[in-house]
Amino acid sequence: MSKAHFGLIGLGVMGENLILNAESNGFSSVVYNRTYAKTQEFLAGRGSGRNIVGAQSLQEFVEKLERPRRILIMIKAGNPIDNIIEAISPYLEDGDLLIDGGNSLYTDTERRVRELEKKNFGYIGMGISGGAKGALEGPSMMPGGTVQAYREIEDLLYKMAAQVEDGPCVAYIGPGGAGHFVKTVHNGIEYGIEQILAEAYDLMKRIYGMNGNEMAEILKKWNKTEELSSYLVEITEICLRTKDLSDGSDLVEKIMDQAGQKGTGLWTVISALEMGVSVPTIYASLNGRVMSSMKKDRIIGEEILKGPSLIPFDMGSKDHSILHLENACVLACMASYAQGMALLVEASRLHNYNLDISSIAQIWKGGCIIRSRLLKRIQDAYTLNPSLVNLLFDPWFTSQINQRLDSLAIIVAGASKSGIPVPCLSSTLDYINSCRTNRLPQNLVQAMRDCFGAHTYERLDMEGNFHTEWLE
Ligand code: 6PG
């Protein structure tokens, strides 16, 4: 029997769908799973009638692959990846290539690339986005590692990826852990947009008293606009419209208000803090999930902490206020992308990733969770100016801010007066106001630091570091 083109370790939903995708693009495959029963079940079910075979052991798996072997690992991130690398390494030969397609921590990937390349194996850390459906029909893929290793799988990835008008949603990202870093930031932006839409829902429900169908109609309209048309807006409409089959009421109202997380949003924020990049909208979305998980505390808080006793939220007609809300959401989504892109620019500089930000925007236009029409504008902005310091300084984005900032301020003020938390919207307003303020009050912070700790300060009118004996 001829050897298979491609191998997969890990028959979870993502793994199954990716291998079916590869096979349907002409790549014969061999699959291995920790429990062989799962392999048999797959081969008898979704994998039957396909050019896919199974292997009971890692040795058999490796032997069934043509050289150089191309092996996609789709298992839980963390130690399981190191364990499988250790277990399979004795059977590999020079030039064989392992591809980690999970959401691994990029510093782990940096280490694995180094270790495996010393042994003459290739290693690719590849972010894959698009969920189960994307994996089957065409995901967005972010492979990082050596260019040489990437070339071995380029043809395969081009065929598997989602396709948009200017090509497949995959490109070589950069060396080491660059692919996983970019996927992590993708997820940070994803957290931001999810929270922004959740805040819009909360305002529509609590201030305007709208039900699921009414809110879904608004989302449907937003999804037709250039600025908000996106996969996440599309699925939010579906979520809001969906009914509980038991009584026909809005299903979303029956769901526990505690959001989980698997780590990538946290890693985005940690990386941003370490690299000195400001990502308040993304941070607010992460903290929103943390607050949501403190359900017991919030139950106590609602009993004892009074809301503001201010003039109730009044912005004229409902149509008018929904327009303000739309503008506010547009700016917050733009800020989420802008902060993520700024983090990529800085990481590229610090880690010598040589990231092509325009190309990253291009591969996010299809297949992935944050795909949106706005990404075309982001792509164009970085094509025009690859070293753009902040997306919001691109002329088109600047004009959007200037047109919509009043609305964001009205919404944040209204939510504050009504005692409704809008962490992403309010952080975005502060972010934009900070970005447009030449003189911030940190001169006073510097004075305090120098006063109690002799940390010294710089002056606007003279060169050098200064200290004052403030307490004398
Ligand atoms: C994707 C998603 C996916 C991610 C989940 C989990 O791009 O397909 O980003 O990879 O793992 O969305 O994220 P949380 O569980 O942390 O929300």
Query raised in the report: Is the range 334-343 home to any residue that is outside any loop (DSSP other than H, G, I, E, B) and modelled with pLDDT under 95?
Result: no
Query - Breaking point among (1) touching a Ser or Thr at 6+ places or on another chain (Cβ under 9 Å); (2) closer than 23 Å to THR109 by Cβ; (3) open to solvent by 40 Å² or more (accessible area, probe 1.4 Å), for LEU11 - result: (3)
Report summary line: With the first residue restricted to the range 178-193 and required to be closer than 21 Å to GLU326 by Cα, and the second required to be β-branched (Val, Ile, Thr) and within 10 Å of the ligand (Cβ to nearest atom), Cβ contacts under 7 Å at 6 or more apart or on different chains are ILE189/ILE370; GLU190/ILE369; GLU190/ILE370; ILE193/ILE370
Requested in this report: Give just the number: which of (1) touching a Phe, Trp or Tyr at 6+ places or on another chain (Cβ under 9 Å); (2) within 16 Å of the ligand (Cβ to nearest atom) does TYR172 not satisfy?
Outcome: (2)
Query raised in the report: Only one residue in ALA347, ALA335, ALA328 is more than 21 Å from ASP430 (Cα to Cα), open to solvent by less than 10 Å² (accessible area, probe 1.4 Å) and among the hydrophobic types (A, V, I, L, M, F, W, C). Which one?
Result: ALA347
Report task. Please give the number of the condition ASP166 fails out of (1) open to solvent by less than 10 Å² (accessible area, probe 1.4 Å); (2) over 22 Å from ASN352 (Cβ atoms). Result -> (1)
Query raised in the report: Does ASN103 meet the test of being touching a strand residue (DSSP E or B) at 6+ places or on another chain (Cβ under 9 Å) and open to solvent by 30 Å² or more (accessible area, probe 1.4 Å)?
Result: yes
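Okay, residues lined up against (1) over 19 Å from LEU18 (Cβ atoms); (2) of a type in the set (Gly, Ala, Ser):
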site: ARG50; (1), (2): no, no
site: LYS64; (1), (2): no, no
site: ILE71; (1), (2): no, no
site: MET74; (1), (2): no, no
site: ALA87; (1), (2): yes, yes
site: PRO90; (1), (2): yes, no
site: LEU105; (1), (2): yes, no
Query raised in the report: Conditions: (1) over 24 Å from ALA162 (Cβ atoms); (2) under 15 Å from the mean Cα position of the chain (by Cα); (3) not in a helix (DSSP H, G or I). ILE370 meets all but one. Number of the miss?
Result: (1)
Query raised in the report: What are the residue pairs meeting all of these: first residue in the range 146-160, first residue touching a residue at least 24 places away in the same chain (Cβ under 8 Å), second residue part of a helix (DSSP H, G or I), Cβ atoms under 6 Å, and 6 or more apart or on different chains?
Result: MET160/ASN21; MET160/ALA22
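Conditions (1) assigned to a helix (DSSP H, G or I); (2) outside the structural domain of LYS64 (by TED's automatic domain parsing); (3) more than 20 Å from TYR353 (Cβ to Cβ); (4) more than 16 Å from the ligand (Cβ to nearest atom), marked per residue:
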{"residue": "ILE81", "(1), (2), (3), (4)": "yes, no, yes, no"}
{"residue": "ARG112", "(1), (2), (3), (4)": "yes, no, no, yes"}
{"residue": "GLY127", "(1), (2), (3), (4)": "no, no, no, no"}
{"residue": "PRO143", "(1), (2), (3), (4)": "no, no, no, no"}
{"residue": "GLU154", "(1), (2), (3), (4)": "yes, no, no, yes"}
{"residue": "LYS159", "(1), (2), (3), (4)": "yes, no, yes, yes"}
Query raised in the report: Got a sec? Which of GLY265, GLY288 is touching a Lys or Arg at 6+ places or on another chain (Cβ under 8 Å), assigned to a helix (DSSP H, G or I), in contact (Cβ under 8 Å) with a residue 40 or more places away in the chain and within 27 Å of ARG373 (Cα to Cα)?
Result: GLY265
Query raised in the report: Within the range 392-401, can one find any residue that is in contact (Cβ under 8 Å) with a residue 24 or more places away in the chain and within 27 Å of ASN103 (Cβ to Cβ)?
Result: no
Requested in this report: Could you list all residues from the range 350-367 that are more than 16 Å from the ligand (Cβ to nearest atom) and not in a helix (DSSP H, G or I)?
Outcome: ASN352, TYR353, ASN354, LEU355, ASP356
Report task. Looking only at the range 216-266, count how many residues are open to solvent by less than 60 Å² (accessible area, probe 1.4 Å) and within 15 Å of the ligand (Cβ to nearest atom). Result -> 10
Requested in this report: Output yes when any residue across the range 302-317 is in the same structural domain as ASN211 (by TED's automatic domain parsing), open to solvent by less than 40 Å² (accessible area, probe 1.4 Å) and part of a helix (DSSP H, G or I), and no when none is.
Outcome: no
Query raised in the report: Among all residue pairs at least 6 apart or on different chains, which show Cβ distances below 8 Å where the first residue, located in the range 358-382, is closer than 13 Å to SER140 by Cβ and the second is part of a loop (DSSP other than H, G, I, E, B) and β-branched (Val, Ile, Thr)?
Result: ILE360/ILE173; TRP364/ILE370
Requested in this report: Look through the range 114-125, keep the residues that are of a type outside the set (A, V, I, L, M, F, W, C) and touching a strand residue (DSSP E or B) at 6+ places or on another chain (Cβ under 9 Å), and return whichever of them is nearest to the ligand (Cβ to nearest atom).
Outcome: GLY125
Report task. Scan the range 57-91 for residues that are closer than 23 Å to GLY127 by Cβ and open to solvent by less than 20 Å² (accessible area, probe 1.4 Å) and jot them down. Result -> ARG69, ILE71, LEU72, ILE73, ILE81, ILE85, ILE88
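The values are calculated or read from the model by the stated rules, or taken from the named source; none is laboratory data. This one's a predicted model, so the numbers in the text were calculated from it and none came from an experiment. As a convention, Cβ positions derive from the backbone with ideal geometry for all residues, glycine included, and neighbour counts pool all protein chains shown. For accessibility, only protein heavy atoms count, side chains too; no ligands or nucleic acids. Shrake-Rupley method; radii C 1.70, N 1.55, O 1.52, S 1.80 Å.
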